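Structure first, commentary second.
The values are calculated or read from the model by the stated rules, or taken from the named source; none is laboratory data. On a predicted model such as this, the values are computed, not experimentally measured, just so you know. All Cβ positions, glycine included, derive from the backbone under ideal geometry; neighbour counts span all protein chains shown. Accessible surface areas use protein heavy atoms only, side chains included; no ligands, DNA or RNA. Shrake-Rupley method; radii C 1.70, N 1.55, O 1.52, S 1.80 Å.
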Amino acid sequence: MTPETEAELATIIKEADGPLRIEGGGTRPIGGASNGARLSTSAMTGIELYEPGALTLVVRTGTPLAEIEATLEAEGQRLAFEPMDHRGLLDTNGTPTIGGVVAANVSGPRRVQAGACRDFLLGVRFVDGQGRIVRNGGRVMKNVTGYDMVKLMAGSYGTLGILTEVALKVLPRPRATGVLLCEGLDDATAIQVLCRALGSPYEVSGAAHLQHGLDGAPMTMIRLEGFADSVAYRAGEMQKLLADSGTFTLETDPDRTAADWRHIRDVEPFHGRAGDVWRLSVKPTDAPGIVAALPGAEAVYDWGGGLVWLLVPEDTGKTAIRQAVAQRGGHATRVRGAGTDAFPPLPAPVAALQAGLRRRFDPRGILNPGLMAEA
């Protein structure tokens, strides 16, 4: 089922007599989602309002992400939360849509500075599990109301309602980008360096570490964005700050810096490789120890070590991974691999709250039943 209008979608949900598997562009299959009837929002497309001067964009949720990014780029603007493209990591086809990005709260390397997708969400329209059309928030920043429900929809994976329209705050593109690169640091040292960089006053917009860079050696990366003179000054000060940890070189070529962060954003080191992929959210300084405790694991560290993409052999037990992370107060989500329980078990109070919300928005339990969305 691929409705083209909000009214058509509402009718489908009202008349549904079984579970529905909600889908946007089909690029991010979700472990644990029901095998119900496929319902896609991919035909609900179009930019309804774009006011560059007001930094606001209103768009139907089936609109391809590439179309939105091209429209913003023409005005020197961007989606500051830097959503990733999952297709290479998950070996999927399809077209990434803005609805899928919002529903999964997809946020890339710049989250450490700019915030997550939900932080740029001004308003939503969605159809709940009873077929009711709900509107919350606003279309421009000064008129936003009901902000909490707006943010609740980001990361709900279609379990509370099917998004039909989103209003987003956008930001100007930076005039220049510089990436500081240091080769050869071990994981623990690299994370300490990234934490120092993020704690500095130099406005870091990306902080990542690869165990294996393009030439095979470990690579630590720090991104700075803004006006060219500002980037040059901050890079120089950062080099002085981190001089005791290693030699950092500065890369400013636009194509190379873009490729460097696309490599991190889309987790390109794990493309086309066998094994399961996990996404760990942990305290940065705990990350190297967790990775070291898992035999055969390879990691890509983002967000200064707070986000770890983990590639492990297919026979690695999920229990071992989740226990290693839970003992440090983090959580682990399986992104690629066999099984239906992609999301970690929730603490009882949180699980009760989530169940109550789902009963409120979807009393029949037909929207992605079986899927435990991440908080």
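Every condition in (1) outside any helix (DSSP H, G or I); (2) out of contact with any Asp or Glu (no Cβ under 9 Å at 6 or more places or on another chain); (3) at pLDDT 95 or above is met by P295 except one, and the failing one is (3).
At least 1 residues being open to solvent by less than 10 Å² (accessible area, probe 1.4 Å) is the threshold, and among the strands (runs of 3 or more DSSP E) wholly inside the stretch 149-258 those reaching it are 162-169, 176-183, 204-210, 219-226. Among residues of the stretch 271-286 being among the basic types (K, R) and either assigned to a helix (DSSP H, G or I) or farther than 21 Å from R223 by Cβ (or both), the one that is least open to solvent (accessible area, probe 1.4 Å) is R273. Considering (1) closer than 30 Å to Q130 by Cβ; (2) open to solvent by 50 Å² or more (accessible area, probe 1.4 Å), the lone condition that T41 does not fulfil carries the number (2).
When you scan the stretch 295-302, do you find a residue that is outside the structural domain of A197 (by TED's automatic domain parsing) and at positive phi, even just one? Don't jump to the end; show me each part of the working.
The initial filter retains those residues of the stretch 295-302 that are outside the structural domain of A197 (by TED's automatic domain parsing), namely 295-302.
Filter again for at positive phi, leaving 296.
The answer is yes; a qualifying residue exists.
Set side by side, the residues T45, T2 differ, and just one is more than 22 Å from the chain's Cα centre (by Cα), part of a loop (DSSP other than H, G, I, E, B) and β-branched (V, I, T), which is T2. A search for C-beta distances below 7 Å between a residue of the stretch 235-263 that is closer than 11 Å to V179 by Cβ and any residue that is open to solvent by 70 Å² or more (accessible area, probe 1.4 Å) and at pLDDT 95 or above, counting only pairs 6+ apart in sequence or on different chains, returns A235/L250.
Taking the residues in the stretch 88-105 that are part of a loop (DSSP other than H, G, I, E, B) and among the β-branched types (V, I, T) as candidates, determine which candidate is surrounded by the fewest Cβ atoms within 10 Å (Cβ to Cβ). So that I can check it myself, show each step before the final result.
Quick first cut of the stretch 88-105, residues part of a loop (DSSP other than H, G, I, E, B) only: 91-96, 104-105.
In the following step, the residues that additionally are among the β-branched types (V, I, T) were identified as 92, 95.
Values: T92: 15, T95: 17.
The qualifying residue surrounded by the fewest Cβ atoms within 10 Å (Cβ to Cβ) is T92.
Looking at the stretch 106-140, which of its residues are assigned to a helix (DSSP H, G or I), in contact with a helix residue (DSSP H, G or I) (Cβ under 7 Å, 6 or more places away or on another chain) and open to solvent by less than 30 Å² (accessible area, probe 1.4 Å)? Lay out the reasoning, then the answer.
Of all residues in the stretch 106-140, those assigned to a helix (DSSP H, G or I) come to 111-114, 117-120.
Now narrow it down to the ones that are in contact with a helix residue (DSSP H, G or I) (Cβ under 7 Å, 6 or more places away or on another chain): 111-112, 117-118.
Listed by number, the list holds a single entry, C117.
Within the stretch 298-310, the set of residues being touching an Asp or Glu at 6+ places or on another chain (Cβ under 9 Å) and crowded, with 22+ Cβ neighbours inside 10 Å comprises A299, Y301, G305, V308, L310. Every condition in (1) of a type in the set (G, A, S); (2) more than 16 Å from C195 (Cα to Cα); (3) open to solvent by 30 Å² or more (accessible area, probe 1.4 Å); (4) over 21 Å from the mean Cα position of the chain (by Cα) is met by G289 except one, and the failing one is (2).
Kindly indicate the residue of the stretch 309-332 that is assigned to a helix (DSSP H, G or I) and in contact (Cβ under 8 Å) with a residue 40 or more places away in the chain and also nearest to K283 (Cα to Cα) among those meeting that condition. Only one residue tops the list, namely V325.
The numbered conditions (1) in the same structural domain as G24 (by TED's automatic domain parsing); (2) modelled with pLDDT of 90 or more are all true for E183 except (1).
Checked against the criterion of being open to solvent by less than 40 Å² (accessible area, probe 1.4 Å), outside any strand (DSSP E or B) and polar (S, T, N, Q), the stretch 333-350 has no qualifying residue. Among the residues of the stretch 58-78, those that are closer than 13 Å to L168 by Cα, open to solvent by 10 Å² or more (accessible area, probe 1.4 Å) and in contact (Cβ under 8 Å) with a residue 60 or more places away in the chain comprise R60, Q77, R78.
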